[in-house]
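Structure, as structure tokens:
The values are calculated or read from the model by the stated rules, or taken from the named source; none is laboratory data. A quick note: this is a predicted structure, and the numbers were derived from the prediction, not measured. With ideal geometry, Cβ positions are generated from the backbone for all residues, glycine too; neighbour counts draw on all protein chains shown.
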Amino acid sequence: MEQDNIKLLPLEDLINALEEKGIEYDRGDIANAYFPLKDVKVCMNSEVEVSEMMHSRSCPLCGKPSKELKWIYFRSPEWTWKNLCGWAGPLSICPDCGCLVEFIMHMMS
């Protein structure tokens, strides 16, 4: 799946769409998976194998199951690591909606 095929959905657009559809959601869970989209775009070509532990959260907007989402390895920019606020780990993205769904932290500085 090429990065150009997925248009990433900004957090506020996702929240507005959920509210318009009347879908209940936990804003904290959704916000925890949202990193600056420019930082996510840099990592879009770093796809990871989907493991059983990653099969948890489906897309909050369309309901696509976790195993059908695009999983990438997200790593925050170098400046975050130098300032001891870096994050890294698998991040799922809905290929249909473009929303960031779930982040599983593997490393933190």
Legend entry - Residue among G63, G28 that is small (G, A, S) and in a helix (DSSP H, G or I): G28
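Only one of these is surrounded by fewer than 16 Cβ atoms within 10 Å (Cβ to Cβ), farther than 23 Å from L18 by Cβ and among the small types (G, A, S): S56, S51. Name it. Write out each step before concluding.
Values: S56 fails: farther than 23 Å from L18 by Cβ.
Testing whether each residue is surrounded by fewer than 16 Cβ atoms within 10 Å (Cβ to Cβ), farther than 23 Å from L18 by Cβ and among the small types (G, A, S) leaves just S51.
Could you list, in sequence order, all residues of segment 78-94 that are surrounded by 14 or more Cβ atoms within 10 Å (Cβ to Cβ) and assigned to a loop (DSSP other than H, G, I, E, B)? Steps first, answer last, please.
Applying the first criterion (surrounded by 14 or more Cβ atoms within 10 Å (Cβ to Cβ)) to segment 78-94 yields 80-81, 86-94.
G86, C94, listed by residue number.
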Inset, instruction - Run S46 past the list (1) farther than 17 Å from P95 by Cα; (2) modelled with pLDDT of 90 or more; (3) of a type in the set (S, T, N, Q) and report the number of the one that doesn't hold. - result: (1)
Legend entry - Subset of segment 16-43 that is in contact with a Pro (Cβ under 7 Å, 6 or more places away or on another chain), of a type outside the set (D, E) and surrounded by fewer than 17 Cβ atoms within 10 Å (Cβ to Cβ) - its residue that is modelled with the highest pLDDT: L37
Legend entry - Every residue from segment 3-15 that is assigned to a helix (DSSP H, G or I) and either surrounded by 12 or more Cβ atoms within 10 Å (Cβ to Cβ) or within 13 Å of the chain's Cα centre (by Cα) (or both): Q3, L11, D13, L14, I15
